[in-house]
Amino acid sequence: MTQRLRIAFGVSILFAVALPAAAAPDGAVNACTLLTRDEASAAVGSPVSEGKLTAGKSMSAAGIEVSGCSYSGSKDLSVSLWRFSPSAQQSLEVYRGLCKKKEQAPGLGDLACWYNASHNELQVLKGTSLLIFQLRGGAGAALTTAAKQALGRLK
């Protein structure tokens, strides 16, 4: 893959996670089904609000469905779920290659890596799904706990 393609894919991830949307249409992926409020609170070690559904800029034309869920409190936890269709397998392979170059988080999904050394973002690949866990006000173990719980519900 070219460096330009890797950069474009990385930028698309940032936009998709950062831009809010009102709700997921019926039948669409819904990241809020992956963790309960109590599970999110337990993972971060402090109370959080009920999960609020967010989603990124539509990437359906690229064959990727995106959904996000945010849990607010003294520590904010967000979960993003990306589903790659068969037409988006090249994008999935680009992501897989980028993740393999980062610090690994063993025992989670098919492949898991930390976004950077601060360990406040965990990226987990399972099958054709990508889960991204971000925590403001904490790091590390809270994200792996949330990832294990969410992976148990991922269909």
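The values are calculated or read from the model by the stated rules, or taken from the named source; none is laboratory data. Small disclaimer: the values here were computed from a predicted structure and weren't measured. Heads up, the Cβs are rebuilt from the backbone with ideal geometry, glycines too, and the neighbour counts pull from every protein chain shown.
Since Gly138 meets every condition but one in (1) crowded, with 18+ Cβ neighbours inside 10 Å; (2) within 14 Å of the chain's Cα centre (by Cα); (3) over 15 Å from Arg83 (Cα atoms); (4) not hydrophobic (A, V, I, L, M, F, W, C), which condition does it not meet?
Of the numbered conditions (1) crowded, with 18+ Cβ neighbours inside 10 Å; (2) within 14 Å of the chain's Cα centre (by Cα); (3) over 15 Å from Arg83 (Cα atoms); (4) not hydrophobic (A, V, I, L, M, F, W, C), the odd one out for Gly138 is (2).
Looking at the structure I just gave you, is Leu151 under 21 Å from Ala40 (Cβ atoms), hydrophobic (A, V, I, L, M, F, W, C) and buried (at least 18 other Cβ atoms within 10 Å of the Cβ)? Full working, then the answer.
Values: under 21 Å from Ala40 (Cβ atoms): yes; hydrophobic (A, V, I, L, M, F, W, C): yes; buried (at least 18 other Cβ atoms within 10 Å of the Cβ): no.
The answer is no for Leu151.
Is there a residue in segment 116-128 that is at pLDDT 95 or above, among the aliphatic types (A, V, I, L, M) and surrounded by fewer than 23 Cβ atoms within 10 Å (Cβ to Cβ)?
yes
Checking Ser91 against (1) in contact (Cβ under 8 Å) with a residue 60 or more places away in the chain; (2) more than 19 Å from Val29 (Cβ to Cβ), only one condition comes out false. Which one?
Going through the list (1) in contact (Cβ under 8 Å) with a residue 60 or more places away in the chain; (2) more than 19 Å from Val29 (Cβ to Cβ), Ser91 breaks only (2).
Somewhere in segment 96-103, is a residue under 14 Å from the mean Cα position of the chain (by Cα) and within 18 Å of Glu39 (Cα to Cα)?
Checked against the condition, which is being under 14 Å from the mean Cα position of the chain (by Cα) and within 18 Å of Glu39 (Cα to Cα), segment 96-103 yields no hits at all.
Please verify whether Ala42 is at pLDDT below 90, over 13 Å from the mean Cα position of the chain (by Cα), farther than 20 Å from Lys126 by Cα and assigned to a helix (DSSP H, G or I), treating the condition exactly as stated. Let's see the steps before the verdict.
Working: at pLDDT below 90: no; over 13 Å from the mean Cα position of the chain (by Cα): yes; farther than 20 Å from Lys126 by Cα: yes; assigned to a helix (DSSP H, G or I): yes.
So Ala42 does not fit the description; no.
Looking only at segment 101-155, count every residue that is outside any strand (DSSP E or B) and either in contact (Cβ under 8 Å) with a residue 40 or more places away in the chain or among the hydrophobic types (A, V, I, L, M, F, W, C) (or both) and tell me the total. Write out each step before concluding.
Restricting attention to segment 101-155, the residues satisfying the condition of being outside any strand (DSSP E or B) are 101-103, 105-110, 115-120, 127-128, 137-155.
Imposing the further condition that a residue be either in contact (Cβ under 8 Å) with a residue 40 or more places away in the chain or among the hydrophobic types (A, V, I, L, M, F, W, C) (or both) reduces the set to 105, 108-109, 117, 128, 137-139, 141-143, 145-151, 153-154.
Counting residues in segment 101-155 that are outside any strand (DSSP E or B) and either in contact (Cβ under 8 Å) with a residue 40 or more places away in the chain or among the hydrophobic types (A, V, I, L, M, F, W, C) (or both) gives 20.
Consider segment 43-72. How many of its residues are under 28 Å from Gly138 (Cα atoms) and either in contact with a His (Cβ under 8 Å, 6 or more places away or on another chain) or surrounded by fewer than 17 Cβ atoms within 10 Å (Cβ to Cβ) (or both)?
Number satisfying all stated conditions: 8.
Can you tell me which residue among Gly63, Gly140 is out of contact with any helix residue (DSSP H, G or I) (no Cβ under 8 Å at 6 or more places or on another chain) and at pLDDT below 95?
Numbers: Gly63 fails: out of contact with any helix residue (DSSP H, G or I) (no Cβ under 8 Å at 6 or more places or on another chain).
The conditions single out Gly140.
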